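Report on one structure; see the data block that follows.
The values are calculated or read from the model by the stated rules, or taken from the named source; none is laboratory data. This one's a predicted model, so the numbers in the text were calculated from it and none came from an experiment. Methodologically, a virtual Cβ is constructed for each residue, glycine included, from the backbone with ideal geometry; neighbour enumeration extends over all protein chains shown.
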């Protein structure tokens, strides 16, 4: 589960997870158990992080104050420990807080930047205080090494004991502060590519359109009717699926998750990049909260097969690979003869991890609208900071290293990208509805025929 | 879950399920919650229904006595209501009790036939009593219609009231008795084909052997080593992401899985099977009907939190459920399905060397054949299924033996079961890659799948005047067409070459874009 949260945080509708904070409630959420409604990125177009339809655990928070009397303050703070830490660059956030604030607003995120900065400050101060006390305790320890009068020694012992107690308390507070800071800071969404339009769905920009809607000279049937007539599928209602009982495991909603996990907590050689994976898996999604006409038939289901592209690359190259991914998608869908448009999604639709996201919407004549069949996201270092995936740049004489003398370059976080190569049910909708013939049959696109043993069309079965 | 149990009952190691009684404990089990070690048919060779490593709920039972004072007796019986009823032919069991007893013994089942017969008797008697009382109450009601003296009327009213109370109590008892009978009777295993050898694993009979072990003139590697050298799987990353016994397939192994599945689908479709992909999540009530409980310690089944659903361990389950509680036309039979799905199994309780690498995993892809047919035809379709398997595995060049499994290894649902064990040179032993079972009407009586024989002038019907024939239960059969991980083990280990490459069997090459072999990757 932690894995799932680390990667897909952003576009969850109703997340009860502190690690993935897309809820617009002003309360902060601390959670231990798994949440119910988890709508993963790909198929939640209406992923407005507005009102989470779930109940939350509210954490009692004392008003942030400078740590003067740490012991007293901490009793008010009840923080649930984050299960993992994102390697967040707090200093950078503080030094660029205006830009971060604007970004948070554009993304309609409910991250509390003020609180993060306050907690960060508090933490730095507390850290200094802890170090100061440690220094004093060392002094006392050193003094005790020499020859001393009994009275003097006793006094030092007292002092040492007091310092130790104070230190223990402060250190506990520091841990709690770090946890709280982590939880708040994880809410902060990724930065945004400068070309991304600001706003909501209707602000999304059309990148390009391929093909045009087919003109039918006979009544168009939707995929459900075709499926029924051609005896292609058999529906059954399924219920919600999330976590596995009595375990810390759950079903994946996209292969992005187990693929992202392959290099979790690792340092990869720069020469190994880019790592380009193509993963086939079944995906399970509750699709809770997704009601209305856009749930008919295969358009929104709980279980489906999907082929996903995933790239890990150097920071400087992610924009380039984002273009590469969307180009691959364009080629795939054109080859099948589909008519579609590619959208540069606006800030309000990005969700937390994506720096930039392109959606592909294909024309579905039976539904009489465009429907999302694919999505390509550049998550820059948002996921890698949470997954702990770094790379070590190759050494070179001109490399200036932080450590001065050695030539070992500091590690950097990889950038990750993911894109749908094929989401089967939506593709079935497209193929059936677009390639239906007047006689009720459906023509199979040429590139697929060899993979179907040469079958050229699906014909009504004689009964 | 019920569905899963209904179908795969038999070869479970330690079943706490009344419906699938392979545990040798002498206590009767009433269960609400799930039981522990459930090794599903295909991959549990050591399926000795010996000592169930689980705790049981013991039911208190009063000594069976003829129902003279029903009210007093029932207070001793604490019965959990079965969630569903199997259409068991009690009369037949009673009329053939010696044969049933022998069968129970041969199968090492812990079904309590004596108790079933006693309960059945009790129930019949109680039913008669209930009918008698109903008759009397009707009499009283009729008498009260006429003109009566007030005293007489009062007496009748009293009588009527007493009868009503007695009747209510008896009817409650009858319900409880029926429930208890159902639970006990569901334990009774399926009958056995006369040719099935009696005994345990070593009694299983060799039907035939195809091919012979390949002679290697170089050191043989096992599939794990081959996989590592050829960069075909990753168990380590999967252990971090998911846990042990999970894996990623990589590179040519992915192509090989898809080729195996596609080739198998193509081949078996030619024989008239309808291809399907199925839901991999099914209602646990359906799974529970089979006696699986997701909540047991060693259950084979993964349950979904906060829901009544579970993950399937085999496509047999969602396929069996297609025609649940239905009557199919005889003309529609046989229904032959070919289902591709992922399967999920906890493999709890399966320890030891036979768990290495791909041999025992929590998630895998499988193509399953499932047939529903008329009663007279199941033996014939069983032969057809094993023949298909033989053809498939021979085509791939595998060396294997086909075993007619002995009674102790059948489990509850199978009337007869053939296992295919292929030679795995890396493991230096034969390993099960497939299983074909004829479950006759065991599953259909639980799933409620019937067919209506076609009408004909010569059809004698129970109802005399009408021509509508009584329904019969279908017979169901299931067989593995391709269980991917075990096939990968076989292909890799058998077709490895001295230079470290692995040769792809010819039938699969077109499905892999013509690739002829898997070569070590240059690093």
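Just a few scattered comments:
- Subset of segment B:297-323 that is more than 11 Å from chain A (Cβ to nearest Cβ) and out of contact with any strand residue (DSSP E or B) (no Cβ under 7 Å at 6 or more places or on another chain) - its residue that is nearest to residue B:444 (Cα to Cα): B:300
- Every condition in (1) touching a helix residue (DSSP H, G or I) at 6+ places or on another chain (Cβ under 9 Å); (2) modelled with pLDDT of 95 or more; (3) within 14 Å of chain B (Cβ to nearest Cβ) is met by residue A:282 except one, and the failing one is (1).
- Qualifying helices (runs of 4 or more DSSP H) (wholly inside segment B:222-279; at least 2 residues being at negative phi, away from every other protein chain (no Cβ under 12 Å) and in contact (Cβ under 8 Å) with a residue 60 or more places away in the chain): B:223-229, B:252-269
- Meets criteria (over 24 Å from residue A:433 (Cβ atoms) and out of contact with any helix residue (DSSP H, G or I) (no Cβ under 6 Å at 6 or more places or on another chain)) for residue A:351: no
- Applying the set (1) over 21 Å from residue A:353 (Cα atoms); (2) surrounded by 15 or more Cβ atoms within 10 Å (Cβ to Cβ) to residue A:193 leaves exactly one unmet item: (1).
- Flag for residue A:202 being modelled with pLDDT under 90 and not in a loop (DSSP other than H, G, I, E, B): yes
- Filter result for residue B:313 (within 16 Å of the chain's Cα centre (by Cα), in a helix (DSSP H, G or I) and in contact (Cβ under 8 Å) with a residue 24 or more places away in the chain): no
- Subset of segment B:144-165 that is assigned to a helix (DSSP H, G or I) and touching a helix residue (DSSP H, G or I) at 6+ places or on another chain (Cβ under 6 Å) - its residue that is surrounded by the most Cβ atoms within 10 Å (Cβ to Cβ): B:163
- Given (1) surrounded by 23 or more Cβ atoms within 10 Å (Cβ to Cβ); (2) under 29 Å from residue A:433 (Cα atoms); (3) more than 15 Å from the chain's Cα centre (by Cα), number of the condition residue A:377 does not satisfy: (3)
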